[in-house]
Amino acid sequence: AKAPMRVAVTGAAGQIGYSLLFRIANGDLLGKDQPVILQLLEIADEKAQKALKGVIMEIDDCAFPLLAGVTAHSDPMTAFKDADVALLVGARPRGPGMERKDLLEANAQIFTVQGKALDAVASRNVKVLVVGNPANTNAYIAMKSAPNLPAKNFTAMLRLDHNRALSQIAAKISKPVTSIEKLTVWGNHSPTMYPDYRFSTADGKSVKEAINDEVWNKDVFLPTVGKRGAAIIDARGVSSAASAANAAIDHVRDWVLGTNGKWVTMGIPSDGSYGIPKDTIFGFPVTVENGEYKIVQGLEIDAFSQERINLTLKELLEEREGVKHLLG
Ligand code: NAX
């Protein structure tokens, strides 16, 4: 039997946590033959810790065959100990009257502390996925706070945006999602992201040609995907949780187990590809083999796409500028 892998999850008593933990313990993340140990972090607050205990009681009650252990933590230094995978879901939500700048700073503090803890105690091969918003900038902060870990270990979640785009396209052309390949979402996990189906194929045929409607692209598709999070809040009264958890599972599973040559979208530190400044955590099309992602190279960027990429990059650089003073 395989040795168990340690999966740390922050914000474990939150909404996304409640959709995520049971699937990890069920083997959806790392495979149906891979035992897991869950190391769950919540804030020290008594209510949060009590809620976390309750979630663990339910996990226990599932008697998952692959679950080799589950522990509750309020200190990242113990939660991240020897972690092979770290899902950083917990973040400070925007409170009433809170400016964007305050939100960035509150989260910068959290992700500085967590980056340092990962640096100190996690596995040297830890795969980190940041879900908590602003996800790209939080991932950047954690990465910069962990100088002893490879920068490539830090990623941000664009997969929900990718999956949203995939589902919209499948519906538009009346094809199953599984028939569609070579889709990506460039940039920041925010409404400025750029979902791009110019290279996509469905059963090997061009999706762009099948849709053949630039007005639909600009006026329907891009805003629908970009504002999907807000549409879910409007409809459900709370933000997307199960779909976010599902996307986190997809992201890490593909990172660990590979994509067989297929494209997926990951927010990763740029290596300078496509003119994106080095280390910017940016949504790129990638393929994954042997646990290593590679940016799909050589794609043509037309004028419209360049404009969209510049816009989402500008936002990311502004976010980075806003937290620069906290990074030492
Ligand atoms: P909830 O507010 O339900 O849960 C968050 C949990 O994190 C809370 O239980 C809180 O106590 C905990 N927490 C806060 N600070 C912490 C810290 N320093 N250490 C450990 N735990 C901490 O939010 P939920 O709906 O689960 O969403 C979590 C995050 O995901 C939010 O930041 C949200 O904006 C973000 N999202 C990101 C998405 C993406 O695609 N990247 C999509 C979904 C989601 O909106």
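The values are calculated or read from the model by the stated rules, or taken from the named source; none is laboratory data. Computed from a prediction, not measured in an experiment: that's the story for all the values here. Note that each Cβ is placed from the backbone with ideal geometry, even for glycine, and that neighbours are counted across all protein chains shown. Note: accessible area is taken over every heavy atom of the protein model, side chains too, but ligands, DNA and RNA are not part of it. Shrake-Rupley method; radii C 1.70, N 1.55, O 1.52, S 1.80 Å.
Some points to look at:
- Rolling a 1.4 Å probe over the heavy atoms of the protein chains gives the stretch 192-239 an accessible area of 55 Å² per residue.
- Greater than 23 Å apart at Cα, pairs in K50/K127; K208/K262; K47/K101; K175/K218; K50/K227; K50/K152: K50/K127; K47/K101; K50/K227; K50/K152
- Helical contribution to [θ] at 222 nm, DSSP H n ≥ 4, -39,500 (n - 2.57), averaged over the chain, rounded to 500: -13000 deg cm²/dmol
- Residues of the stretch 112-152 falling in the label zone of K294, defined by backbone nitrogen less than 18 Å from a point 7 Å along Cα to beta-carbon, are 152.
- The alpha-carbon atoms of the chain define a convex hull whose volume equals 140 cubic angstrom per residue.
- The HN-Hα couplings worked out from phi for the stretch 189-205 by the Karplus form 6.51 cos²θ - 1.76 cosθ + 1.60 (θ = phi - 60°) are 6, 6, x, 7, 3, 10, x, 10, 9, 4, 9, 5, 10, 10, 6, x, 9 Hz, whole numbers, x standing for Gly and Pro.
- Local electrostatic count, V36, Cβ distance below 12 Å [Lys/Arg +1, Asp/Glu -1]: +1
- Gaussian network model of the chain, Cα within-10 Å springs - most flexible of K152, K50, K127: K50
- What the stretch 1-78 shows is 49 Å² of accessible area per residue, with the surface traced by a 1.4 Å probe over protein heavy atoms.
- Amide N of the stretch 166-191 lying under 18 Å from the label point, which is placed 7 angstrom from the Cα of V220 along Cα→Cβ: 166-177
- N26-L311 pseudo-label distance in nm [points 7 Å out on the Cα-to-Cβ vector]: 3.8
- Two-decimal log10 I(q)/I(0) for the stretch 47-162, as the Debye equation yields it once each C-alpha is a single scatterer, q = 0.13, 0.17, 0.18 Å⁻¹: -0.57, -0.92, -1.01
- Residue-wise HN-Hα coupling along the stretch 123-138, computed from phi with Karplus coefficients 6.51, -1.76, 1.60 (Hz; x: Gly, Pro): 3, 5, 9, 3, 9, 9, 10, 9, 9, x, 8, x, 4, 5, 6, 4
- Taking Cα centre as origin and charging only the Cβ of basic (Lys, Arg, +1) and acidic (Asp, Glu, -1) residues, the dipole magnitude of the chain rounds to 120 debye.
- Total formal charge among the other residues, if their Cβ is under 14 angstrom from that of G187, Lys/Arg +1 and Asp/Glu -1: -2
- In order through the stretch 99-104: 3J(HN,Hα) via Karplus (6.51 cos²θ - 1.76 cosθ + 1.60), integer Hz, x for Gly, Pro: 7, 3, 5, 5, 4, 4
- Relative contact order (%) - the chain, alpha-carbon pairs under 8 angstrom, separation at least six: 17
- All Cα pairs of the stretch 1-93, percent lying beyond 16 Å: 48
- Local electrostatic count, N163, Cβ distance below 12 Å [Lys/Arg +1, Asp/Glu -1]: 0
- Geometric descriptor of the stretch 253-324, per residue, is 97 Å³ (volume of the convex hull of the Cα atoms).
- Residues whose placed amide H lies under 5 Å from that of K127, excluding near-sequence neighbours: V85, A86
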